[in-house]
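Notes for the one structure printed next.
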Amino acid sequence: MSVDRTVGRGVVLSALSFGGAGLGNLFTAVTDQDARAAVDAAWDAGIRVFDTAPHYGLGLSERRIGAALRDRPREEFVLSTKVGRLLEPVAQYAGTDPEGFAVPAAFRRVPDYSGAGVRRSIEASLERLGLDRIDVVLIHDPDHVEEQALGEAFPALAKLREEGVIGAVGVGMNQTRIPLRFVRETDIDVVLLAGRYTLLDRSGAELLDAAGQAGVGIVIGGVFNSGLLVDPRPSSTYDYQRVPPDVLAESLRLKEICERHGVPLRAAALQFPARHPAVKSVLIGARSPREVADCVEMARLPVPDALWAEV
């Protein structure tokens, strides 16, 4: 059965999206060559949605993704970035970014969810990307500024959407309460939800159901829950922290079920979110051609109905 993957004003998503946090050197550095090769591999595999943010590597991810896409036919891909954190240069700096990206701390993030801040952020992103437009703009992690995000950032983005400057407006978060407000109180187009609708964590189900009823598209990120659903072990992380014993036990139970059905755990993890009708795309955070190829293979691997019934 075909899936309508359209969001906003005619923005068509691919079944898989490419997440750009890794290309911002999240936790470990990636070379420019490897970053370019990862984007090229995603393109060759048919992935046409590329998601990034100023937050990712203090602009490094935007610069790398823009460089890799610049010579591609512009009408053939969807570019998504985020607003809410402006980057200001630091005159004197030492060390690396304190927020987990292996890049020099040459900028500082300034939270700004005002209408003017949204416009400044988009202008700066376009400059870093070197592209002529952004298709999807997401309000990034407005956890502590939800009223400003709803009352200022969203109206500014909705105006740009109405003017045809951008194609779709959304919110990107790893929690569900605030996205639910956007779905219920605005005419938002899309929600990027990370880690809250996976084999291991189904807490996003209410949001997905509400989005489906409202005609809001969902993009699911964090399908491996910080890597735990790739290879669960005591040293694994969950939500970027050491995995709690009960969560590890549940992930090992899921792995055992998958093994009995002859399916790798990571294949079930990738495919599970797409079974919900509100989900338009599943985001992969690959940082090399090998990781891209594995994700694409796992996303296409046949999974028996008996496995889904059991999990």
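Relative to the longest principal axis of the Cα atoms of the chain, helix 245-260 runs at roughly 60 degrees. Here the extension length gained between residue 250 and residue 108 equals 47.2 nm, from 0.36 nm per residue of separation less the Cα-Cα distance. For residue 242 and residue 4, the difference between the fully extended length at 0.36 nm per residue and the C-alpha to C-alpha distance is 81.9 nm. Summary of the geometry: segment 263-311 and segment 97-120, compared by the centres of their Cα atoms, lie 32 Å apart. Of the peptides 244-252, 72-80, the order by per-residue mean of other Cβ atoms within 10 Å, starting with the highest, comes out as 72-80, 244-252.
With the simple model of a label 7 Å out from the Cα in the direction of the Cβ, residue 305 to residue 94 spans 6.5 nm. Calculate how steeply helix 115-129 sits against the longest principal axis of the alpha-carbon atoms of the chain, using the helix alpha-carbon long axis, and give the answer as 0 to 90 degrees to the nearest 10. For 115-129 against the chain, the angle is about 80 degrees.
Quick note on segment 1-103: its Rg to Rh ratio, both from C-alpha atoms and Rh being the Kirkwood radius, is 1.02.
Place a label point 7 angstrom from the Cα of residue 162 along the Cα-to-Cβ direction, then list the residues of segment 179-205 whose backbone nitrogen is under 18 Å away. Under cut-off, by backbone N: 185-190. Helices in the chain, meaning DSSP H runs of at least 4 residues, each add -39500 (n - 2.57). Divided by all residues, the mean residue ellipticity at 222 nm is -10500 deg cm²/dmol. Taking the Cβ of each residue in 43, 308 as the centre, tally the other Cβ atoms inside 10 Å and list the residues starting with the fewest. Neighbour counts put them in this order, fewest first: 308, 43. Kirkwood hydrodynamic radius computed over segment 70-139 comes to 13.6 Å, based on all pairs of distinct alpha carbons. Largest first, the extents of the alpha carbon coordinates of segment 164-303 on the three principal axes equal 46, 31, 26 Å. Note on P(r) over Cα pairs in 20 Å bins from 0, in percent: of the candidates (1) 30, 51, 17, 2; (2) 31, 58, 11, 0; (3) 34, 60, 6, the value calculated from this structure sits at (3).
When DSSP beta bridges are restricted to pairs lying wholly in the chain, around 25% turn out antiparallel. Counting only DSSP beta bridges whose two residues both lie in segment 79-159, roughly 60 percent are antiparallel. Straight-distance candidates among the lysines for linking to residue 82, with alpha-carbon spacing under 24 Å and chain neighbours fewer than 8 residues away dropped: 159, 280.
Distance between the modelled labels on residue 127 and residue 143, one decimal in nanometres: 2.9 nm (7 Å Cα→Cβ projection). With the simple spin-label model, which puts each label point 7 Å out from Cα in the Cβ direction, the residue 187 to residue 119 separation comes to 2.1 nm.
Every number in this text was worked out from the coordinates using simple rules, so none of it is lab data. Keep in mind it's a predicted model, so treat the numbers as computed, not measured. When we count neighbours, we look across all protein chains shown, and the Cβ atoms used for this are built from the backbone with ideal geometry, even at glycine.
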